[in-house]
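The block underneath contains the structure these notes are about, expressed in structure tokens.
Computed from the coordinates by the stated procedures, all read-outs in this text should not be read as laboratory data. Remember, it's a predicted structure, so these values are computed and weren't measured experimentally. All Cβ positions, even for glycine, are placed from backbone atoms using ideal geometry, and neighbour counts span all protein chains on display.
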Amino acid sequence: MEKLNFLTAGMPNLTNPRKYENALPELVKLGLDGMELEFVRGVTMNPATQKEVKRLSSELNLILTAHAPYYINLNAQEKPKYHASITRILETARVCHICGGYSITFHAAYYMGEDKETVYKKVKIALEDIVSVLKKEGVEIWIRPELTGKNSQWGDLDELIQISKEVEMVLPCVDFSHLHARTAGAWNTYDEFCRVFEKIGNELGDFALKNFHAHIAGIEYGLKGEKKHLNLEESDLDYKNLMKAFKDFDVKGVIVCESPNIEEDAIFMQKIYKESGVFKNAS
Ligand SMILES: [Zn+2]
């Protein structure tokens, strides 16, 4: 990607009536770069809307990503649940691709009391299946398991990096708020943010830093991890230093804002990012 883009998670709050044909021009008015299609309760967008979203987003030069349904568990013990999970990811990828989208993300699995290695193997087999189906269909899109917010969920930074090395078309979706929450408050300094980019750059290559997919929101958490999303100013996430790290590593791709005040925090981060480092040369 040519730059770092700022997206809303779903339609901006002020979209009225709540339709894609209103949401997309609204993003342009707000000075934002696109949106993540929220299929979190099901992939229900009809074919006519998919075509219209593609037409309008390319006309307006907007970037689209998609979030797959929440009801996904690639470590489901019951076969029907496992297969339904695969189908939900495939459907998200297909529809996002038809819409002209760049990348999809999803919460891949729960540990269900099993050890990390066992679950890793199952997730890997599932993702290999998904990727092979999509390749056959000619669906070219990034498949990104998300860095999850709770200790009970598969998908910490190391697992995501490892699976991205081993499965084609797979890269991480780094949710910095989840990373902070699942460690009950760590990963919240400039040095720690830099470590994330260093690790990904070293292990997956600079390419991964130029095609980044991040989620950011304010977050409330406890010992087990994520509790709920907050607006940035209500949370302890050090978004200013996070933006600075994005800038210093020259990361490109998308940041999707998932704060409740969606577009306001997206614009806020974009502003901080633009201003970050402007004094570097002057000093
Ligand atoms: Zn998510």
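Things to note:
- Cα gyration tensor of the stretch 1-109 - equivalent ellipsoid semi-axes, whole Å, descending: 27, 14, 12
- Under the Karplus curve 6.51 cos²θ - 1.76 cosθ + 1.60, θ = phi - 60°, whole-Hz ³J(HN,Hα) for the stretch 201-211, x wherever Gly or Pro sits: x, 5, 8, 10, x, 4, 3, 5, 7, 9, 9
- Computed from the Kirkwood radius of its Cα pairs, the Stokes-Einstein diffusion coefficient for the stretch 205-283 at 10 °C and 1.306 mPa s stands at 117 µm²/s.
- Percent antiparallel among DSSP beta bridges (both partners in the chain, rounded to 5): 20
- With the convex hull drawn over the C-alpha atoms of the stretch 4-275, the volume per residue is 120 Å³.
- The stretch 126-225 pair-distance distribution - Cα-Cα, 5 Å bins, rounded %: 2, 13, 22, 23, 18, 12, 6, 3, 1
- Think of each Lys and Arg Cβ as +1 and each Asp and Glu Cβ as -1; about the Cα centre, that makes the dipole of the chain roughly 540 debye.
- From most to least packed by mean Cβ count within 10 Å, the peptides 211-221, 112-122 give 211-221, 112-122.
- Out-of-range pairs (alpha-carbon distance over 24 Å; input Lys3/Lys150; Lys29/Lys51; Lys29/Lys54; Lys29/Lys252): Lys3/Lys150
- When only Cα pairs below 8 angstrom with a gap of at least 6 residues are kept, the chain shows a relative contact order of 18 percent.
- In terms of Cα atoms, the Rg and Dmax of the stretch 141-283 work out to 14.6, 47 Å.
- Residue with peak Gaussian network fluctuation, the chain [Cα springs, cutoff 10 Å], from Ala186, Ala109, Ala68: Ala186
- Sequence-distant aspartates and glutamates (8 or more away, or on other chains) whose Cα lies within less than 14 Å of Lys136: Glu128, Glu168
- Cα radius of gyration and Dmax for the stretch 69-182 (Å): 13.2, 38
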